[in-house]
1. Under 6 Å by Cβ, and 6 or more places apart or on different chains, what pairs join a residue from the range A:276-295 that is closer than 23 Å to residue A:58 by Cβ and of a type in the set (Lys, Arg) with one that is part of a helix (DSSP H, G or I) and within 14 Å of RNA strand B (Cβ to nearest atom)?
2. What number of residues within the range A:371-392 satisfy the criterion of being out of contact with any helix residue (DSSP H, G or I) (no Cβ under 6 Å at 6 or more places or on another chain), more than 18 Å from residue A:335 (Cα to Cα) and hydrophobic (A, V, I, L, M, F, W, C)?
3. Taking the range A:376-386 only, how many residues are surrounded by 13 or more Cβ atoms within 10 Å (Cβ to Cβ) and out of contact with any Gly (no Cβ under 7 Å at 6 or more places or on another chain)?
4. Identify, from the list A:265, A:242, the residue that is within 11 Å of RNA strand B (Cβ to nearest atom) and part of a helix (DSSP H, G or I).
5. Kindly check whether there is at least one residue in the range A:304-319 that is within 10 Å of RNA strand B (Cβ to nearest atom) and not in a helix (DSSP H, G or I).
6. In the range A:121-191, which helices (runs of 4 or more DSSP H) lie fully inside it and hold 1 or more residues that are more than 16 Å from RNA strand B (Cβ to nearest atom) and under 24 Å from residue A:74 (Cβ atoms)?
7. Given the residues A:272, A:199, which is the only one that is at pLDDT 95 or above and either within 12 Å of RNA strand B (Cβ to nearest atom) or not aliphatic (A, V, I, L, M) (or both)?
8. If I ask for residues that are out of contact with any helix residue (DSSP H, G or I) (no Cβ under 6 Å at 6 or more places or on another chain) and near RNA strand B (Cβ under 8 Å from one of its atoms), which ones from the range A:245-254 would you list?
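The values are calculated or read from the model by the stated rules, or taken from the named source; none is laboratory data. Computed from a predicted structure; not experimentally measured. Note that we place each Cβ from the backbone using ideal geometry, even for glycine, and neighbour counts take in every protein chain shown.
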Amino acid sequence: MPRLNTRDAAIEEALTRSVAAIYPDRSALRSALRSGRKLTIYVGIDPTAPYVHIGHSTNYLVLERFQKLGHRIVVLVGDFTAMIGDPSDKKSARQPLTRDEVRHNLATFKEQIGKVLDFKNAENPVAFKFNSEWLSKLTFEDVIGLASNFTVQQMLERDMFEKRIAEGKPLFVHEFFYPLMQGYDSVAMDVDLEIGGTDQTFNMLAGRTLVERYKQREKFVLTTTLLVNPATGEKMMSKSLGTGIGLNEPPAEMFGKTMALPDEGIIQTFIDCTRLSLPEIDAKRRRLVDGENPKTLKLELAHELVRMYHGAAAATAARAGWEAAFSERRIPDSLPQIKVKKGSPLIDTIVANGFAPSKTAARRLFTDGAIHNLETDKRINDPTATVNAPLVLKIGKKHFVRIVV
RNA sequence: GCGUCGGUGGCGGAGUGGUCAAUCGCAACAGACUGUAAAUCUGUCGCCCAUUGGGCUACGCAGGUUCGAAUCCUGCCCGACGCACCA
């Protein structure tokens, strides 16, 4: 059997899978990876949001490939940058975080991303850094110097800025400093490669410019694809819409939310959010093309995702539970249980447990016929109904609950 | 600094003295259909109490005029644009 050049195959996968673009270009980075030099590669995280969903996992799966190639991996916690607010976000005004909050968020983050990227890898552990370490020490003079590397025209080329100006919306001067700060991180850490989502392109390229000016060397930039519905271009993971699949969600939730993903995104999600090999994924793609029911493939995707974060047993159980509840329309075996006082109004229980944002909204659920007693297979339409005996309810499309007295 | 226009519900955007909790679109929620997908149809979509119905809060903020204001007046805050400034 001929010796397989796994290293080259691994390099190629690292250079292409979930990769949107590489600056200056792919072949330059390929040469650097083949040179035998140990590269320093980093990804930045925002410590303001401890919520991590599978869309975020892409960066870490990409990073894992580089880690396995033997390069030095750094996760940079943007504790200083968090104070100013990235203009990539809608909200520009943010509350500075306390040290404790940053620490807490970081712990939450590690717990979640630790399932994807092996932080404590014995041979090649991940280094953690905080950008306040150097950013808080810059003097006003340093900052002026940094700013003098860019022209206003260059700043205005950023899509987001351009758009805001075209729409007559405010663009604050301090927003120009975000790319400067992020760019300076690359200088301070002396990195070879930065990895981030395509929304970070501008900021990462600012770092490329700064490394060139301050260090006279080249920093590569690799952007990863955002998990979007290929048919509509819309983000598949949205926290505000509740479609985000959080890494620390319980198996049943994770499974259900995966099943609610658009069919068009199945293959992309396999590529960006799982470790299945590309040939395996391609086999699935062919099954889809050959007309297999997308639902089957989606079941496999849901199973794989739950397996990644909760293990094989949980994945199998989640699948069985989902099929019982939604395909066979049986009462699920295990469901959250809520204990209430006998004779208490059902509507209070619904609001108190977050099934509706207000009592008025809960009332609508009753009148709309969204409260379904699964044991009697009847709708409870009366908002004043009280709980006198144990109940198993389906509330809306996706909530199941057992109420005991 | 001066001037013009503007600040309305998750977003976009109507409304310029009463019939406005506020047209409409998007998003969202629920029902039907289904594969908890998509598409489609229907209903809902500030909060609180209620069976019809009632109350409360809200249209940048604070006052005022009026029987009555998102709508008129005054002051303040914020933004876009234009002019001025460019030593």
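1. A:284/A:297; A:285/A:267
2. So the answer is 1.
3. The number of residues fulfilling the criteria is 3.
4. After ruling out the rest, the residue left standing is A:265.
5. no
6. Qualifying helices (runs of 4 or more DSSP H): A:132-135, A:140-147, A:177-189.
7. Step by step, each of A:272, A:199 is checked, and only A:272 is at pLDDT 95 or above and either within 12 Å of RNA strand B (Cβ to nearest atom) or not aliphatic (A, V, I, L, M) (or both).
8. If the condition is that a residue be out of contact with any helix residue (DSSP H, G or I) (no Cβ under 6 Å at 6 or more places or on another chain) and near RNA strand B (Cβ under 8 Å from one of its atoms), then A:253 is the only one that fits.
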